[in-house]
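What follows is one structure encoded as C-alpha cells, with my remarks underneath.
The values are calculated or read from the model by the stated rules, or taken from the named source; none is laboratory data. None of the values given here were measured: they were computed from a predicted structure. Cβ: placed from backbone, ideal geometry, glycine included. Neighbour counts: every protein chain shown. Calculation scope for accessible area: heavy atoms of the full protein, side chains included, ligands and nucleic acids excluded. Shrake-Rupley method; radii C 1.70, N 1.55, O 1.52, S 1.80 Å.
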Amino acid sequence: MDLLLWITIGFIIIGFVVLASMKKSMESKVAFIKANPEDEGNSSKAKAVIWWICGVTIWGIGSMYFFVRCFDNYFG
C-alpha cells in the first residue's frame with residue numbers, strides 16, 4: 001500500500017483518539033466556566049478550550065486534505 005494512504009489513516013485515527021480522550025476534560029472546563037462566570041481562573045480555562053477548538057479545526061481540515069489527496073492519487 002502507498003505511504004500516503006498510511007499517513008492519512010494514521011492521521012485520522014490518531015486525531016480521533018486524541019479528540020475522544022480530551023473531550024470530557026473540555027466539557028468539564030466549559031461547564032466550570034458557565035457555572036462561575038466571574039471567577040479569576042476562567043481565563044486560563046477559556047484559553048485552553050479555545051486552543052482545543054482551533055486544534056480540532058486544523059486537524060479536521062488536515063484530514064479532509066489527506067482524504068482528497070488519497071482519492072486524487074488513486075482515482076485522479
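Relative to the longest principal axis of the Cα atoms of the chain, helix 42-75 runs at roughly 10 degrees. Panel values: the chain, Kirkwood radius from alpha carbon pairs, Stokes-Einstein at 37 °C and 0.692 mPa s, translational diffusion coefficient 229 µm²/s. Using C-alpha pairs below 8 Å separated by at least 6 residues, the relative contact order for the chain is 44 percent.
Counting only helical runs of four or more DSSP H residues, what would the 222 nm mean residue ellipticity of the chain come to if each run contributes -39,500 (n - 2.57) and the total is spread over all its residues?
Taking each H run of at least 4 residues, the total per residue is -32000 deg cm²/dmol.
Principal-axis analysis of the Cα atoms of the chain puts helix 3-35 at an angle of about 10° to the longest axis.
Taking a probe of 1.4 Å, how large is the accessible area per residue of the chain, in Å²?
Numbers: 5850 Å² over 76 residues.
On a per-residue basis, 77 Å².
So which GluC sites (Glu not before Pro) in segment 1-65 end up in coil per DSSP with only 16 or fewer other C-beta atoms within 10 Å?
GLU38, GLU40
Taking all protein chains as present, what is the carbon and sulfur share of the accessible area of segment 1-54, in % to the nearest whole number, probe 1.4 Å?
Details: 2970 of 4120 Å².
Carbon plus sulfur share of accessible area: 72 percent.
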